[in-house]
Amino acid sequence: MIALEDVTKRYDSLTAVDGVSFEVPSGEVCVLIGPSGCGKTTTLRMINRLIEPTSGRIVIDGRDVMGIRPEELRRHIGYVIQSVGLFPHLTVAENVATVPKLLGWERSRYSPRVLELLEIVGLDADEYAKKYPRQLSGGQAQRVGVARALAADPPLLLMDEPFGAVDPLTRERLQAEFARIQRELGKTVVFVTHDVDEAIRLADRIALMRDGRLEQYDTPEALLDHPASKFVHDFMGADRALKRLGRARVADVMTSDVLSTTDGTGGVSRESCKEARFFYLTDDEGTLEGWVDCHVLDAGTSPEEAGTLVDWREAAVQPDTTLKEALSRMLGLGFRNVAVVDERGRLLGEVSLSAIERTMAEGDAHIANLPEGEILGVPPEEGVPPEARAQLDEGVQPEEGEVTT
Amino acid sequence: MALAGCLLLPFVEFRPNRIASGVPEGFAVAGLSGWLLVAAAALALISAFLPARSRGPALLGTGAATAILLLSALGSAAERLQEGAPVIARVSIGSGAWLAAIGAITVWFAGSRATGSVRVNRAVSVIALLAGLAVMLWGSVGELSLAKEYAVQSRRFWMLVRQHLVLSGAGLGAGMLIGVPLGVLASRSRVVRDFGLGVVSVIQTIPSMAMLGLLIAPLAALGLTAIGTTPAVIALALYALLPIMRNTFVGLAGVDPATIDAGRGMGMGRLQLLFRVEVPLALPLVIEGVRAAAVLVIGIAAVTAFIGAGGLGILVFQGWGQQADDLTLLGAVPMVVLAVFADAAMRMLRRLAVSPGIEEGGLS
């Protein structure tokens, strides 16, 4: 557990952080968010004493950080920054081994650990261990950055806009991976971002800051539903219902009860469709190759004509995808169902609009009862990814949409 | 240029004795190897206009061949001219041959640049070196005046080479011992940066002869004379200081702040950060500074012969004093060779010491 007690940082005339207090229970992700200059990064950097507080206390598991030598303290706190800061003269493996080496681990102890970590962050150890940072893409570099921070298995992780410098698609993937790693490892994480969607997706608690003060510290649901001030309300955005969808994952609402065949369109007939909308086509490995639209079959078309071949990377979602992204994908494709595949494209099931609606109904937002305009006419708020907004703005009519992929 | 040198300017000069002025002779006096040389130079000229892909290897080959043939042709020319002449007659290398040498080496380097393959370049260098040695051993290079001066002076020559190396090495070493820490301090402290770099830059502008004179007073204050090895090494160290200190500072200042932030954030102490992150990242520039300093110091070490520090400068000044140009050359040419070797050694060191992760082309 980590507790900030009335922490203040003053620079001459400027007060960067002003009497901030909050607690992060062990194993939770606390996201610090706010407009630029609100003091969120300063707050983060005071936790590992890269910046010394002017007054107040920071206590980690009962110990005041001011009582621990800074180097010693930092070696037991994972640290990830936006610009990654990998050491360019060291290989990926050497980068990851940095903190274990500082802690005096034997090679026999840190070598297997390095390989294990690379696998954890989704990099093939054989391929990447000997590479140098400049041979990596931005997303790969940030994975190595996360592996490096986790190397000595610190209980606490500080992350300063870790996914801020990569393209939206990579960011979405890194977020999903981070959520997965966090579910496995259960670290206590303090995470700085200015991206509301990222905060809602990853946070157990959000600390919203403004001008060095803590505006509200609570769960994402509470910030969305019970904003403490107009500032919080405005900052979180008006599309609260849609934002909530950013917290749930496809895995929570998907069904694995789908029809599929490896025999191509020949394996599909009108009768075999039963109640389903789609009959999925896969190869022998189960990789999604396309589908037959049963509604079109009903109209008397042959299975060949009703079939569509697709690239699963574009036409399907994965279990870690947020419902918000899944909904956006449905709107883009023009269907009420979308296939769910694993990371290699193998069909796992599907997720339907009605399942998403039920999730919403469980909260107090009733997406299903809202007139269409209110869902689709999302004001162009900060935080809605432009591509999602573009898809929403198209005003797709789900029933008659054409598959364009 | 090599071609023009061969054709237009005197290739060698024939002198009746060591110090008399010579009679110019053209390349044809070398006979067959002279003509081969011209042919090689002509090919080199043609190579320059080849399409990009074959230009590199062609320049490389013809440049190296021209250099070797030049050596061989000089020997032949000397041998032929001295046939029947009195023993004290000398054959010196003429301006045309010098120009040809410069041209050949320029072509060679241009070729190695254009080829860009370390392996090919190394192979050509080794072959050329072996061929050069062969020409030296079995050819008639020994008939040249330069070689005759060497034959007379050989024992003293090697002693002076050693002295020169010791002087330059000590000066460079002292310059590194002071310059690198000063560079590190300059990257930490504004005062050291502004003041230190300023002072060192001023030192750099003092002409070398003036420096040796200026050192008299401070050395006397320390109870030392301004004659001999010690003041020479001090002067050389002072000259080595600027490139080393400045490059160390620039190298350290160029380290990405994010890298340093990451290092601090992971719990590195100041010294760990310096030695594990900053110095390895600044190393290419530091070595580059040492390389520049080495070449500089080898040159300036010649002047320290004036204050009795010895070194190859002695041969140069004696040669001037006796108007024996070839004796001067016997001092000057090895200095050039030393500088070239120092340069190559530092490049090699850089390849070995600098991480391939930060070297241009280090990951091919």
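The values are calculated or read from the model by the stated rules, or taken from the named source; none is laboratory data. Keep in mind that this is a model prediction, so the values were computed, not measured. FYI the Cβ positions are ideal-geometry reconstructions off the backbone, even for glycines, and counts take in every protein chain you see.
Could you list, in sequence order, the residues of segment B:248-267 that are acidic (D, E) and either buried (at least 21 other Cβ atoms within 10 Å of the Cβ) or more than 20 Å from A:L73 (Cα to Cα) (or both)? Selection gives B:D256 alone.
Being touching a Cys at 6+ places or on another chain (Cβ under 7 Å), surrounded by 21 or more Cβ atoms within 10 Å (Cβ to Cβ) and of a type outside the set (G, A, S) is a property that A:L327 lacks. Of the residues making up segment B:175-212, those that are over 18 Å from B:G299 (Cα atoms), of a type outside the set (A, V, I, L, M) and free of Cβ contacts under 8 Å to residues at least 12 places away in the same chain are B:P181, B:R188, B:S189, B:R190, B:D194, B:F195, B:G198. If the condition is being facing another protein chain (nearest Cβ under 10 Å) and either touching a Phe, Trp or Tyr at 6+ places or on another chain (Cβ under 6 Å) or part of a helix (DSSP H, G or I) (or both), then segment A:93-121 contributes A:E94, A:N95, A:T98, A:V99, A:K101, A:L102. Looking at segment B:145-153, can you tell me whether even one residue there is assigned to a loop (DSSP other than H, G, I, E, B), within 30 Å of B:G75 (Cα to Cα) and touching a strand residue (DSSP E or B) at 6+ places or on another chain (Cβ under 9 Å)? No, segment B:145-153 contains no residue that is assigned to a loop (DSSP other than H, G, I, E, B), within 30 Å of B:G75 (Cα to Cα) and touching a strand residue (DSSP E or B) at 6+ places or on another chain (Cβ under 9 Å). Of all positions in segment B:256-273, none carries a residue that is in contact (Cβ under 8 Å) with a residue 40 or more places away in the chain and within 13 Å of chain A (Cβ to nearest Cβ). The residues on offer are A:A179, A:A149, and the sole one that is under 19 Å from A:E28 (Cβ atoms), crowded, with 21+ Cβ neighbours inside 10 Å and assigned by TED's automatic domain parsing to the domain that holds A:L117 is A:A149.
Each residue in segment A:161-172 was checked for being within 14 Å of chain B (Cβ to nearest Cβ) and among the aliphatic types (A, V, I, L, M), and 1 pass. Put simply, of A:L73, A:L44 the only residue that is more than 17 Å from A:V7 (Cα to Cα) and not in a strand (DSSP E or B) is A:L73. Candidates in segment A:259-269 are the residues that are surrounded by 15 or more Cβ atoms within 10 Å (Cβ to Cβ) and not hydroxyl-bearing (S, T, Y); of these, the one that is nearest to the chain's Cα centre (by Cα) is A:L259.
For segment B:220-239, state whether one or more residues are over 30 Å from the mean Cα position of the chain (by Cα), assigned by TED's automatic domain parsing to the domain that holds B:M335 and under 30 Å from A:L102 (Cβ atoms). No, because not a single residue in segment B:220-239 is over 30 Å from the mean Cα position of the chain (by Cα), assigned by TED's automatic domain parsing to the domain that holds B:M335 and under 30 Å from A:L102 (Cβ atoms). Being buried (at least 22 other Cβ atoms within 10 Å of the Cβ), farther than 25 Å from B:V91 by Cβ and assigned by TED's automatic domain parsing to the domain that holds B:L241 is a property that holds for B:G311. Considering (1) at pLDDT 90 or above; (2) in contact with a Gly (Cβ under 6 Å, 6 or more places away or on another chain), the lone condition that A:D160 does not fulfil carries the number (2).
The set of residues in segment A:122-160 being in contact with a strand residue (DSSP E or B) (Cβ under 7 Å, 6 or more places away or on another chain), away from every other protein chain (no Cβ under 11 Å) and part of a loop (DSSP other than H, G, I, E, B) consists of A:P155 alone. Hey, any hits in segment A:205-223 for a residue that's within 29 Å of A:G139 (Cβ to Cβ), of a type in the set (A, V, I, L, M, F, W, C) and without any contact (Cβ under 8 Å) to a residue 12 or more places away in the chain? No, segment A:205-223 contains no residue that is within 29 Å of A:G139 (Cβ to Cβ), of a type in the set (A, V, I, L, M, F, W, C) and without any contact (Cβ under 8 Å) to a residue 12 or more places away in the chain.
Taken over segment A:46-88, residues that are hydrophobic (A, V, I, L, M, F, W, C) and at the interface with chain B (Cβ under 10 Å from one of its Cβ atoms) amount to 8. Sub-6 Å Cβ pairs linking a first residue in segment B:338-361 that is within 14 Å of chain A (Cβ to nearest Cβ) to a second residue that is outside any helix (DSSP H, G or I) and of a type in the set (A, V, I, L, M, F, W, C), at least 6 apart or interchain, are B:P356/B:L363, ordered by first then second residue. Answer yes if at least one residue in segment B:274-290 is of a type in the set (D, E, K, R), more than 10 Å from every other protein chain (Cβ to nearest Cβ), crowded, with 21+ Cβ neighbours inside 10 Å and over 26 Å from A:L103 (Cβ atoms), and no otherwise. Scanning segment B:274-290 turns up no residue that is of a type in the set (D, E, K, R), more than 10 Å from every other protein chain (Cβ to nearest Cβ), crowded, with 21+ Cβ neighbours inside 10 Å and over 26 Å from A:L103 (Cβ atoms). Of the listed requirements (1) at pLDDT 90 or above; (2) of a type in the set (A, V, I, L, M); (3) not in a helix (DSSP H, G or I), B:L363 misses just one: (1). Where helices (runs of 4 or more DSSP H) fall entirely within segment A:278-360, those with at least 1 residues that are among the basic types (K, R) and under 24 Å from A:I200 (Cβ atoms) are at A:323-333.
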